[in-house]
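Visitor: Take this structure, written in structure tokens, and hold onto it; I'll ask about it next.
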Amino acid sequence: MKYFVMEESLDKKIVGSDFPQAYRFIKEYNEDAPNALFSLYKYKDTFPDYVPNLDGVMLAGYAKLTDFVSNGFSGSLCILSPKAKAILEQYNLCPHQFYSLGLYKKKVKYDYFLLKLVSNYSDFVDYEKTSFREYDITSGYKSDPFFVKSKEEFWERRQKIKAEKGISWGIWGDKLVMNKDFNCELDFFVISILDANTYVSERLKNAIESAGLTGWEFAPATNLIAENCH
């Protein structure tokens, strides 16, 4: 299986000149309500036992309406059109939920959806074969690649560097190798913790492009190796 990294489009001809495309609410929306969009932040690793009220997200003034709408709320939340939802539902996605979302552009409401992901495949990384780098998000510094022997050693080194150098420091996977237990049928997933990319299979990428869906672009995942997926 060949994988690609999903990237939100920055092409102004497609998405407009506001990025992200959605990051605010209409005046009538109560963002402090117990079932509002921000309430989802409490559920990083689970899903809520209620249906959130998402009828009030506003498209930025210079943003264009696309099938996949970039947002400033969370990397684990995707705003998408009914057409995009219909395509994604045909494929094997990481744990997820779709919620109805009202997207407003100049007081016109569009019926969209919010896709919430709970995706952590860090247990399916072969830590002995994977290379890592220390990095500092403030300066952009990256160390030379290094190796660890286990997930436990990765966590110990990660905690140590944060304690010694500060919270802006961390460890990212450099060349990620998935182990034999990784599900090769997955079409859409995030590894999490050691890697922030959203990965898409070639077959899902092709389906998105064939359907003419707008808002996402794809680059080959040259950093990801799934040895058992052929």
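The values are calculated or read from the model by the stated rules, or taken from the named source; none is laboratory data. Keep in mind the model is a prediction, meaning the values are calculated, not measured. Counting neighbours? That spans all protein chains shown, and the Cβs are built from the backbone with ideal geometry, glycine included.
Visitor: Against the conditions (1) under 18 Å from residue 223 (Cα atoms); (2) touching an Asp or Glu at 6+ places or on another chain (Cβ under 7 Å), where does residue 126 fall short? Just the number, please.
Guide: It is condition (2) that residue 126 fails.
Visitor: Residue 138 fails exactly one of the following numbered conditions: (1) out of contact with any strand residue (DSSP E or B) (no Cβ under 6 Å at 6 or more places or on another chain); (2) of a type in the set (S, T, N, Q); (3) more than 22 Å from residue 75 (Cβ to Cβ). What is the number of that condition?
Guide: Residue 138 satisfies all of (1) out of contact with any strand residue (DSSP E or B) (no Cβ under 6 Å at 6 or more places or on another chain); (2) of a type in the set (S, T, N, Q); (3) more than 22 Å from residue 75 (Cβ to Cβ) except (3).
Visitor: If you don't mind, another one. Tell me which strands (runs of 3 or more DSSP E) are completely within segment 185-230 and hold 1 or more residues being of a type outside the set (Ser, Thr, Tyr), out of contact with any Lys or Arg (no Cβ under 6 Å at 6 or more places or on another chain) and under 12 Å from residue 88 (Cα atoms), or say none if there are none.
Guide: So the answer is 188-190, 198-201.
Visitor: Look at segment 4-29 and say how many of its residues are in contact with a Phe, Trp or Tyr (Cβ under 6 Å, 6 or more places away or on another chain) and more than 12 Å from residue 63 (Cβ to Cβ).
Guide: The qualifying residues number 3.
Visitor: Among the residues of segment 161-179, is there at least one that is assigned to a loop (DSSP other than H, G, I, E, B), loosely packed, with under 14 Cβ neighbours inside 10 Å and under 19 Å from the mean Cα position of the chain (by Cα)?
Guide: Keep residues of segment 161-179 that are assigned to a loop (DSSP other than H, G, I, E, B), which gives 166-168, 179.
Those still in the list that are loosely packed, with under 14 Cβ neighbours inside 10 Å too: 166-168.
Applying the additional criterion that residues be under 19 Å from the mean Cα position of the chain (by Cα) yields none.
No, segment 161-179 has no match at all.
Visitor: Residues 200, 190: which one is touching a Cys at 6+ places or on another chain (Cβ under 9 Å) and closer than 30 Å to residue 13 by Cβ?
Guide: On the way: 200 fails: touching a Cys at 6+ places or on another chain (Cβ under 9 Å).
Step by step, each of 200, 190 is checked, and only 190 is touching a Cys at 6+ places or on another chain (Cβ under 9 Å) and closer than 30 Å to residue 13 by Cβ.
Visitor: Mind telling me which of the residues 196, 211, 226, 163 ends up being modelled with pLDDT of 95 or more and on the phi < 0 side of the Ramachandran plot? Step through it out loud before you land on a result.
Guide: Working: 196 fails: modelled with pLDDT of 95 or more; 226 fails: modelled with pLDDT of 95 or more; 163 fails: modelled with pLDDT of 95 or more.
Result of the check over 196, 211, 226, 163: 211.
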